[in-house]
Amino acid sequence: MLKKISIDRLRPGMYVHELCADWMSHPFWRNQFLVKTREDVQRVREAGIRELYIDTGRGLDDAVARTAEEVRVEVEHEMLAAVTAEPVPLQKASLEEELGRARSVHAQAHKVVRGMMQDVRLGRAITLDNVEPVIEAVTGSILRNGSALLGLIGIKNKDDYTFLHSVSVCTLMIAFGRTLGLEGEALRQAGIGGLLHDVGKMKVPDAVLNKPGRLTEAEFELIKRHPADGHAILLESSGVGAVPLDITLHHHERIDGSGYPDKLLGDEISTMARMAAIVDVYDAITADRCYHKGMAPTEALRKMWEWSSAHFDQRLLQAFMRCIGIYPIGSLVLLESGRLGVVIEQNEKSVLTPVVRVFFNTRSNGYIAPENIDLSRPPGAGDRIMSGESPEKWRVDPLKFMPVAA
């Protein structure tokens, strides 16, 4: 049985099933391991872990701990209460109209980021000449219909992860900023910060950045230098404003002071950096990497809400969930009718009734002709989402049925 405990209750003989933190917040290659000594307990504590799950079938029990199922139900109720109060902004163009432009924008952004990162590796200074048109293009696409470009960010090539992650964080920062009411220069600066936030990773050797095994303490310290390295690079680049500099330096800070590089606490972290922390973690934990399988989007949001009291600004995390939905674009969902589908577009009035492309019937255990169902309108309104699902459970790839994959 899986149970959730605080770090104060961890003791030798327990089997850790999951550390309640994103991959980049700790040096452990695996989330699952037997705690053998008090030194092991101390290492987990020193990594800033506040809560974790133990497997009582593989190690010692904790009689007073809550079960994983009890925690899951509580977190899902909290999430629903947090996101149903406000609608997302109205969309101006149909998904079909925006898809072609969104593909072009995404390809342009990827090319610019790749070139910029290569310049950094060659010791060249960054210029904003190519960055600013990308920000303008991404913003335009988000304003016309954010679902198109947001649908592209889940499709990543492992070899290009660092570049595509920067494009995704830029896209999500602009969409997030719009949800918060940012406009004009503030929105532009948020996007630039998202695009540049990981430039310091170009100072980290690929062998460390993409290491499939457990990082040594020295290697993890090297990884943790990338915000300061990026900040130093941007200080030498003309035209980079205070907001992108702050986002680059502080996107790994955490509300409880356990982050890096400055261990800032609470309001010491700027709003933009707190936004970037949320966006960065969401995109990172939903992506497949050489050292872990990405979480399904809905599961990632549930985990982030569970971690939020220590790691994130809960008010901002609420706004982010309203921005991308409880079932983000690309999520595999099970409908009451027994059909499986992938979320392809959000409903501007309700995060619980998106547009879903159904493609599989669980009752007949077979694929069906793909069909778009708008759960907010008849006849789609006669169906509803029962749960977010794991693609691995059903052995399907929902991204193959996304309009952006066509």
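The values are calculated or read from the model by the stated rules, or taken from the named source; none is laboratory data. A quick note: this is a predicted structure, and the numbers were derived from the prediction, not measured. Every residue, glycine as well, gets a Cβ built from its backbone with ideal geometry; the counts of neighbours run over all protein chains shown.
Observations
- Residue match in region 164-171 (condition: within 25 Å of Asp229 (Cα to Cα), surrounded by 23 or more Cβ atoms within 10 Å (Cβ to Cβ), at pLDDT below 95 and out of contact with any helix residue (DSSP H, G or I) (no Cβ under 6 Å at 6 or more places or on another chain)): yes
- Candidates Arg339, Arg302 - the one that is basic (Lys, Arg) and under 14 Å from the mean Cα position of the chain (by Cα): Arg302
- A residue that is under 22 Å from Glu371 (Cβ atoms) and buried (at least 20 other Cβ atoms within 10 Å of the Cβ) occurs somewhere in region 298-307.
- Qualifying residue in region 341-351 (condition: modelled with pLDDT under 95, part of a strand (DSSP E or B) and more than 25 Å from Phe176 (Cα to Cα)): no
- Candidates Asp280, Asp256, Asp262, Asp267: the one that is part of a helix (DSSP H, G or I), more than 17 Å from the chain's Cα centre (by Cα) and more than 20 Å from Met402 (Cα to Cα) is Asp267.
- Whenever a residue of region 254-274 is touching a residue at least 24 places away in the same chain (Cβ under 8 Å), its partners that are small (Gly, Ala, Ser), lying with C-beta atoms within less than 6 angstrom and at least six residues away or across chains, give the pairs Ile255/Gly266; Asp256/Ala310; Ser258/Gly48; Pro261/Ala228.
- Among the residues here, His197 qualifies as more than 30 Å from Glu97 (Cβ to Cβ) and within 17 Å of the chain's Cα centre (by Cα).
- Residue that is nearest to the chain's Cα centre (by Cα) [pool: residues in region 100-151 that are loosely packed, with under 14 Cβ neighbours inside 10 Å and among the aliphatic types (A, V, I, L, M)]: Ala107
- Test: residue in region 377-391 that is more than 26 Å from the chain's Cα centre (by Cα) and closer than 21 Å to Gly146 by Cα: yes
- Among the residues of region 359-383, the one identified as surrounded by 13 or more Cβ atoms within 10 Å (Cβ to Cβ) and farther than 22 Å from Pro403 by Cβ is Thr362.
- Flag for Met321 being closer than 18 Å to Arg72 by Cβ, free of Cβ contacts under 8 Å to residues at least 12 places away in the same chain and of a type in the set (A, V, I, L, M, F, W, C): no
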